[in-house]
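This report refers to the structure that appears directly beneath it.
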Amino acid sequence: MAQAPADSGRLPSHVRPTRYDLFIAPDLESSTFSGDVTMELAITAATDQIVLNARDLAVDVVSLVQGDDRIAARLTPAPGDERIVVTAERALDTGEATLALHFDGRISDGLLGFYRSTYTDGDGTQQVLAATQFEATHARAAFPCFDEPEFKAVFAVTLDVAADLLAVSNGPEVARDKLPDGRVRVSYGETIPMSTYLVAWVVGPLVVTDPVDASGVAVRVVHVPGRESLTQFALDVGSFAIQFFTEYYGIPYPGQKCDLVALPDFSFGAMENLGCVTFRETRLLLDPDDVTLDEMAGAALTIVHEIAHMWFGDLVTMKWWNGIWLNEAFATFMEHLGTDAYRPEWKTWDDFATGRAAALEIDALDATRTVEYEVVSPADAEGMFDILTYQKGGSVLRMLERWLGADSFRSGVRLYLDRYRFANTETTDLWDALEEATGQPVRRMMDTWIFQPGFPMVEAAADQLSQRRFALGNAVEGRWVVPVLARAVDVDQNATSTTLLESTTAKFEALDATLEVLNAGGEGFYRVAYPASWRDRLLDSGALTPLERFALLDDLWSFVLAGRESAATFLACARRFAAEHELVVWRVLGGHLRAAGRLVEGDALERYRSDVAAIVRPSMQRLGWETGSGDDARTRQLRGLLVSLLGAFVRDPETVARAREVEARGGGDADVEAACVSVVASAGHADDFDHFLDRVGRASSPQEELRYLYALGDFPDEALVLRAADLALTDAVRAQNGPFVLQRALRNRDHGPAAWAFVRDNWERLGARFSPNLVPRILDGTTWLVEGSIASDVTEFVAEHPLPSGGRTVAQLMERLQVHRSAVERERVPFSDSLLGRTEP
């Protein structure tokens, strides 16, 4: 008889579900639920045991039937393994069987499994709802199941709910029956075969929009009452995305409807439950006339990301959690493809560079990881949801698409989805489909990026390219198949050549030109080390594209952190960008100018701020404070970025005063207003803090609420920063938002150390209040706490208090702290001397 593996994280595979008939009866007042599940099983080897997952559930066997025989069975819990074992009195034969279970559980106070959420209505009354979040391994906390992605099955869900509550699930509502106790029994249409982590239901005092038709698919937005005016944007983006991906993939939408559900409390940005996609309110509900470009584009990207998953992830699913990176990386890539088609003027592919730069920073650490790695436990699976999965994975796919060509890449994706629809795959199945469609060595190339950590630095000489792993810490061997794209700066931007750099060095077949840019287009996942004269000539040429300028600046700053270049060299380069017009270049320039300011103190810092002001002011004077009739969204966003740099970083008195006027007046351009909120906070006092709290409480949109809430950590008074930190641990701030208030407080240049002392002294409160996956977000704020003994205090405390999840992410954050500390120790004296005229830059 087949038995469960003794020490494996996997369920035995000889018993598989094919269908679940799932019934759930929640009681929102008592935060409890009961349920029944009937599973149709396929048995491929005789056995007397059925092993499945359950956590924090009281489960009883109702029946076990095979053929015409009802078989007696007993249930044995194995809570340490999050399993239950049903043992039959005699062996089950190969073939089909049916197992029925009853279960009871509690609706969680956390943000995982089947959990509780609340909001306050217009009358000031707290309303309670309940929703699900099952990825990666939390379906087992809501019903007994085979909670692994490979065990796909059809689901038919039925909910018993109070008659005045809205209830939605994956399928459309197909029946509604009144019950004797006044409740209603709502049944939903069966799904396609799908994994347990995609099952979803939401119950509560919510409302739903009328449907919008998207090529025959009904799209609706579910939300709390009173926010109807904020739903049209999501309806537009969602319906566009369904039609776009139906055409791109060449396969109809795999569900029967698509509900986009805005939840007051949600741990992630969104979740791709088939037909019942759940979101944070900020990522779904908005007024396009009252949000920044970042807020609007961020919401669109999130919606498109989740819709892309309906095919790549839901229709075709990874066999095991080691493949979750491909689901998320592909959706990250596709969110930009789809949003660029929706609003090309937003230039979201430009902003994709910001995520790629963040991934390059992490991947240069000793504590990086391979994109795909072995997953054994649920904690291993949770660790997949990080910047390397989303941003490195997505960036490498973008580089692959650029190398293969967009049409060839799409042909391979279509082949893959058509071949494996309703099934499960390994990562290499996609590479093989792309190879079949294009004839290119995709697997050989991609294996070097996915199964080894890090990335290469490409060094250029006149007739030779070389590669070696780029590291901010200890250099380690590595070799990649690198599609190095080169372009002559004095010819058409589309005239490029590709050198497939597979060995340590390769002959560089230069184009017929005197000067070339490597990483042409700026979308390769590698850094380029130019000789200084080559870099200067590229800048002098004026022919670099915005993304090429972005890559050059980002590479140069990374070389400062690695000790290959000086901060004075970076500042000298930055001065050449005072006339820069492009938002994407200012994003990287502004971020690194702020970071370089952390290297100095006192008089040198004040001198540095003057230098930054000299770089920023020409562009600010060109744009002015008022929105012009010809300003597009990116111009307005750039104006806000410049206001923030001059006001919050440079602390220019005139900018601060003007920002106060704009914030108090309101009603202007959202990008400038959002920047002014941060400027006022950075120079604010106690009355401003109280004003911000009031604005949080009466915000007209989720976006406005977070602008004022997160800015509470920016105030220049220690008592106010600690007040913000304390608020983050109370019911005044939602548990999903508290970690980001603390993160902002920790990043406060003057009072980050005091905020750290608060975090350290309240560590147990943090752990009790916040979802485990959000605690590393708090520690993200510590990476510039480098002064005196504080860095040692942070790293020692974190080492002594390991987190239940996110261990790799925390290790990366602690290493980034050490990288920044080393940069300060290395650069403070020479950079200060340079700024104060004591040495030549």
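The values are calculated or read from the model by the stated rules, or taken from the named source; none is laboratory data. Just so it is clear, the structure is predicted and the values come from calculations on it, not from any experiment. Cβ: placed from backbone, ideal geometry, glycine included. Neighbour counts: every protein chain shown. Please note that ligands, DNA and RNA were not included when accessible areas were found on the heavy atoms of the full protein model with its side chains. Shrake-Rupley method; radii C 1.70, N 1.55, O 1.52, S 1.80 Å.
Has region 670-681 got any residue that is under 19 Å from Pro753 (Cα atoms) and open to solvent by less than 30 Å² (accessible area, probe 1.4 Å)?
Within region 670-681, one or more residues are under 19 Å from Pro753 (Cα atoms) and open to solvent by less than 30 Å² (accessible area, probe 1.4 Å).
Go through region 233-285 and count every residue that is in contact (Cβ under 8 Å) with a residue 40 or more places away in the chain, open to solvent by 30 Å² or more (accessible area, probe 1.4 Å) and not polar (S, T, N, Q).
Summing the residues that are in contact (Cβ under 8 Å) with a residue 40 or more places away in the chain, open to solvent by 30 Å² or more (accessible area, probe 1.4 Å) and not polar (S, T, N, Q) in region 233-285 gives 4.
Among the residues of region 318-340, are any free of Cβ contacts under 8 Å to residues at least 12 places away in the same chain and in contact with a Ser or Thr (Cβ under 8 Å, 6 or more places away or on another chain)?
yes
Among the candidates Ala381, Ala353, Ala357, Ala341, single out the residue that is closer than 27 Å to Gly250 by Cα and assigned to a helix (DSSP H, G or I).
Just one listed residue meets the conditions, Ala341.
If Ala633 satisfies all but one of (1) of a type outside the set (S, T, N, Q); (2) farther than 23 Å from Met296 by Cβ; (3) open to solvent by less than 20 Å² (accessible area, probe 1.4 Å), what's the number of the condition it fails?
The failed condition is (2).
Residues that are hydrophobic (A, V, I, L, M, F, W, C) and surrounded by 15 or more Cβ atoms within 10 Å (Cβ to Cβ): find the strands (runs of 3 or more DSSP E) completely inside region 88-153 holding 3 or more of those.
Result: 95-106, 126-133.
Given the criteria modelled with pLDDT of 95 or more, outside any loop (DSSP other than H, G, I, E, B) and open to solvent by less than 40 Å² (accessible area, probe 1.4 Å), does Leu75 qualify?
No.
Mind listing just one residue for me: the one in region 526-541 that is of a type outside the set (Asp, Glu) and farther than 19 Å from Val560 by Cα and, of those, most open to solvent (accessible area, probe 1.4 Å)?
Arg537
Whether any residue in region 320-330 is β-branched (Val, Ile, Thr) and modelled with pLDDT under 95 is what I want to check.
Yes: one or more hits.
Which of the residues that make up region 560-572 are open to solvent by 10 Å² or more (accessible area, probe 1.4 Å), assigned to a helix (DSSP H, G or I) and not polar (S, T, N, Q)?
Leu561, Ala568, Ala572
If I filter region 426-457 down to residues being open to solvent by less than 10 Å² (accessible area, probe 1.4 Å) and not in a helix (DSSP H, G or I), which single residue comes out as farthest from Phe312 (Cα to Cα)?
Met457
Pick from Ala791, Ala768: which is open to solvent by 30 Å² or more (accessible area, probe 1.4 Å), among the hydrophobic types (A, V, I, L, M, F, W, C) and not in a loop (DSSP other than H, G, I, E, B)?
Just one listed residue meets the conditions, Ala768.
Kindly establish whether Phe797 is of a type in the set (Phe, Trp, Tyr), modelled with pLDDT of 95 or more, closer than 30 Å to Arg564 by Cα and over 25 Å from the mean Cα position of the chain (by Cα).
no
When region 10-49 is examined, which residues are found to be surrounded by 16 or more Cβ atoms within 10 Å (Cβ to Cβ) and of a type in the set (A, V, I, L, M)?
Matches in region 10-49: Leu11, Val15, Leu22, Ile24, Ala25, Leu28, Val37, Met39, Leu41, Ile43.
Kindly indicate whether Ala664 is touching an Asp or Glu at 6+ places or on another chain (Cβ under 6 Å), more than 23 Å from Asp350 (Cβ to Cβ), of a type in the set (A, V, I, L, M) and surrounded by fewer than 21 Cβ atoms within 10 Å (Cβ to Cβ).
no
With (1) surrounded by fewer than 24 Cβ atoms within 10 Å (Cβ to Cβ); (2) out of contact with any Pro (no Cβ under 8 Å at 6 or more places or on another chain); (3) assigned to a helix (DSSP H, G or I) as the list, and Ala299 as the residue in question, which single condition is left unmet?
(1)
Quick one: what pairs do we get from region 360-378, first residue assigned to a helix (DSSP H, G or I), second among the aromatic types (Phe, Trp, Tyr) and open to solvent by less than 20 Å² (accessible area, probe 1.4 Å), C-beta under 8 Å, 6+ apart or different chains?
Leu360/Phe455; Leu360/Phe525; Asp363/Phe455
Considering only residues that are β-branched (Val, Ile, Thr) and in contact with a strand residue (DSSP E or B) (Cβ under 6 Å, 6 or more places away or on another chain), which ones fall in region 527-582?
Val528
Filtering region 183-199 down to residues that are in a strand (DSSP E or B) and of a type in the set (Ser, Thr, Tyr), which residue is nearest to Thr425 (Cα to Cα)?
Tyr188
Taking region 777-788 on its own, how many of its residues are crowded, with 18+ Cβ neighbours inside 10 Å and either more than 24 Å from the chain's Cα centre (by Cα) or in a loop (DSSP other than H, G, I, E, B) (or both)?
4
Open to solvent by 40 Å² or more (accessible area, probe 1.4 Å), modelled with pLDDT of 95 or more, assigned to a strand (DSSP E or B) and aliphatic (A, V, I, L, M): is that true of Val85 in this structure?
So Val85 does not fit the description; no.
Is one or more of the residues making up region 800-815 open to solvent by 20 Å² or more (accessible area, probe 1.4 Å), assigned to a helix (DSSP H, G or I) and under 20 Å from Val560 (Cβ atoms)?
Scanning region 800-815 turns up at least one residue that is open to solvent by 20 Å² or more (accessible area, probe 1.4 Å), assigned to a helix (DSSP H, G or I) and under 20 Å from Val560 (Cβ atoms).
Considering only residues of region 597-615 that are of a type in the set (A, V, I, L, M, F, W, C) and free of Cβ contacts under 8 Å to residues at least 40 places away in the same chain, which is farthest from Pro546 (Cα to Cα)?
Leu605
Which of the residues belonging to region 307-322 are assigned to a helix (DSSP H, G or I) and open to solvent by less than 10 Å² (accessible area, probe 1.4 Å)?
Correct list: Ile307, Ala308, His309, Trp321.
In the list Val199, Val224, which residue meets the criterion of being open to solvent by less than 20 Å² (accessible area, probe 1.4 Å), under 26 Å from Phe422 (Cβ atoms) and touching a Phe, Trp or Tyr at 6+ places or on another chain (Cβ under 6 Å)?
Val199
Residue check, Ala732 against (1) at pLDDT below 95; (2) under 30 Å from Arg651 (Cα atoms), all met but one. Which one?
Failed condition: (2).
Assess whether Val261 counts as being within 23 Å of Leu111 (Cβ to Cβ) and either at pLDDT below 95 or not in a loop (DSSP other than H, G, I, E, B) (or both).
Considered against the rule, which asks whether it is within 23 Å of Leu111 (Cβ to Cβ) and either at pLDDT below 95 or not in a loop (DSSP other than H, G, I, E, B) (or both), Val261 comes out as yes.
Which one of Arg576, Arg598 is open to solvent by 10 Å² or more (accessible area, probe 1.4 Å), within 28 Å of Met457 (Cα to Cα) and within 29 Å of the chain's Cα centre (by Cα)?
Residue meeting the stated conditions: Arg598.
Can you tell which of Val829, Val824 is over 25 Å from the mean Cα position of the chain (by Cα), among the hydrophobic types (A, V, I, L, M, F, W, C), modelled with pLDDT of 95 or more and open to solvent by 60 Å² or more (accessible area, probe 1.4 Å)?
Of the residues listed, the single one that is over 25 Å from the mean Cα position of the chain (by Cα), among the hydrophobic types (A, V, I, L, M, F, W, C), modelled with pLDDT of 95 or more and open to solvent by 60 Å² or more (accessible area, probe 1.4 Å) is Val829.
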